[in-house]
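Following: one structure in structure tokens, then a few remarks.
Rule-based calculations on the coordinates, nothing more; no lab input. In this text the structure is predicted, and so the values were computed from the model without any measurement. Positions of Cβ are backbone-derived with ideal geometry, glycine not excepted, and every protein chain shown enters the neighbour counts.
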Amino acid sequence: MQVPHKEHLYKLLVIGDLGVGKTSIIKRYVHQNFSSHYRATIGVDFALKVLHWDPETVVRLQLWDIAGQERFGNMTRVYYREAMGAFIVFDVTRPATFEAVAKWKNDLDSKLTLPNGKPVSVVLLANKCDQGKDVLMNNGLKMDQFCKEHGFVGWFETSAKENINIDEASRCLVKHILANECDLIESIEPDIVKPHLSSPKVVSCFSCAKS
Ligand code: GDP
């Protein structure tokens, strides 16, 4: 049996307006469960997810939940510090949460860059897609355009409730981070960036599309 010899630890932020499903996405991804009982979290919370990326590589993800502080406006630099990537989440049933996405992205970009000065990789999650597609998601092309204009590396329709596309979105983000890291250390390992087929739900991972 091959023993993994490459280990990566990444801090990932999960941000977006209150109630969009950030805590639920983390719970689903890390603990494989979901609760419809609403409880706003207080204080910073984080969870660890271990991915066996390939036979040689283990990726540990430290997922930071913004935890109720979104009410108080912008997050501090301390919270963002040393993150390698982020999910920005909105709720497809509440258009105002989509309108806030650009604000979250700008805030993040203004407070956090990689050591090489590039922005961190960010994936947009259109959550609660189990509640119907009528609200915002009828036009995949518009979403692609929005994401490209705002510098997202991809977007996914997700459901924490039905467990849709959360793994796929995470793989997209991790793939970008690994590729960025290769760039940072100037040693390209093309094998790391593998094409990944996602589920038939609407998704767009720009690097997947390229690979
Ligand atoms: P947060 O404030 O962004 O962390 O949001 P929560 O994770 O606390 O979720 C807010 C509410 O939305 C809770 O009642 C969740 O059960 C519900 N919720 C979260 N994700 C989904 C989803 O994918 N589908 C549906 N239908 N409800 C969800």
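Things worth noting here:
- Each residue of region 12-22 was assigned a 3J(HN,Hα) from its phi angle through the Karplus expression (A = 6.51, B = -1.76, C = 1.60, θ = phi - 60°), giving 10, 9, 10, 10, x, 5, 4, x, 6, x, 4 Hz with x at Gly and Pro.
- Cross-link pairs beyond the 26 Å C-alpha cut-off, checked among Lys49/Lys148; Lys27/Lys105; Lys105/Lys128: Lys49/Lys148
- When each of Lys22/Lys118; Lys6/Lys142; Lys6/Lys161; Lys118/Lys161 is checked by Cα-Cα distance, pairs over 31 Å: Lys6/Lys142; Lys6/Lys161; Lys118/Lys161
- Sequence of Ile26, Ile164, Ile15 once ranked by neighbouring C-beta atoms within 10 Å, starting from the fewest: Ile164, Ile26, Ile15
- The label point for Phe34 and the one for Leu48, both projected 7 Å from the Cα toward the Cβ, are 2.7 nm apart.
- Those residues of region 109-128 whose amide nitrogen sits under 11 Å from the label point placed on Glu162, 7 Å along Cα→Cβ: 128
- Extension gain, His8-Glu181: 0.36 nm per intervening residue step, less the Cα-Cα distance, totals 61.3 nm.
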